[in-house]
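Worksheet: the structure to be examined is printed underneath.
The values are calculated or read from the model by the stated rules, or taken from the named source; none is laboratory data. Just so it is clear, the model here is predicted, and its values are computed rather than measured. Here the Cβ positions follow ideal geometry from the backbone for every residue, glycine too, while neighbour counts run over all protein chains shown. Please note that ligands, DNA and RNA were not included when accessible areas were found on the heavy atoms of the full protein model with its side chains. Shrake-Rupley method; radii C 1.70, N 1.55, O 1.52, S 1.80 Å.
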Amino acid sequence: MPVNIPNTLTWGRIALIPLFVGVFYLPDSMLTAGQKNLVSTVIFIIAAVTDWFDGYLARSLKQTSAFGAFLDPVADKLMVAAALILLVQLGRVDALIAVIIIGREITISALREWMAQVGQSASVAVAFVGKLKTAAQMTAIPMLLFNAHVLRIDMTDLGRVLIYVAAALTLWSMGYYLRRAMPLLLAHGKEERGG
């Protein structure tokens, strides 16, 4: 495992997850509900910024590695899954939305791993629709965590709209990746049946 600045930032992002979740389990005598929302929002935003920053540093410092390429998306998915599960528990996100987003991440991660094993990882490289999905999702989650008004705008209502947009883009992007992979999946299925 290469020890460098980008990988250290990624490990730091993973280490933030228990802190992020733990905030909501603190007694109200330590933090009010509003303070818990604010602290969790700040932690999530820090994690999102380090996600961008570790990728930038890996490229600029030429410290990219196979391990870093594996760990970075794992850290992202863990943080997003933790946030969505918390938001479901808090009643701010419908469970179906969380299932769609988390299920898609698991499915596409497994597909990418298999495609890499058969030397076809370029077929499921990140597409523009996937970037749109990520942008909507990473904007919606802090709004839903914050759960308050900013300049008379209800962040929770806006976050709910965006999380539904993210869920729709999630299904669209999953369909896109599965269509790209389907010819290879069918070909390998025929080979295995023939063998």
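Couple of notes before you dig in:
- One compactness figure for the chain is 1.14, namely its Cα radius of gyration divided by 2.2 N^0.38 Å.
- Relative to the longest principal axis of the Cα atoms of the chain, the long axis of helix 128-146 lies at roughly 20 degrees.
- Under 9 Å, Cβ to Cβ, from residue 144 - net charge with Lys/Arg +1 and Asp/Glu -1: +2
- Aspartates and glutamates with Cα under 14 Å of residue 133, excluding same-chain neighbours fewer than 8 positions away: 76, 105
- For the stretch 1-72, the spread of Cα coordinates along the three principal axes comes to 47, 19, 14 Å, biggest extent given first.
- Whole-Hz couplings from phi, Karplus 6.51/-1.76/1.60, listed for the stretch 65-82; x for Gly and Pro: 8, 5, 5, x, 5, 7, 6, 4, x, 5, 4, 4, 5, 5, 5, 5, 4, 4
- Phi-based couplings in Hz for the stretch 37-47 (Karplus 6.51, -1.76, 1.60; Gly and Pro marked x): 4, 5, 4, 5, 5, 4, 4, 5, 5, 4, 4
- When the chain is treated as a Gaussian network with alpha carbon springs shorter than 10 Å, the biggest mean-square fluctuation among 173, 109, 29 belongs to 29.
- Of the solvent-accessible surface of the chain, computed with a 1.4 Å probe and all protein chains present, 69% belongs to carbon and sulfur.
- Phi-based couplings in Hz for the stretch 22-31 (Karplus 6.51, -1.76, 1.60; Gly and Pro marked x): x, 3, 6, 9, 6, x, 5, 5, 8, 9
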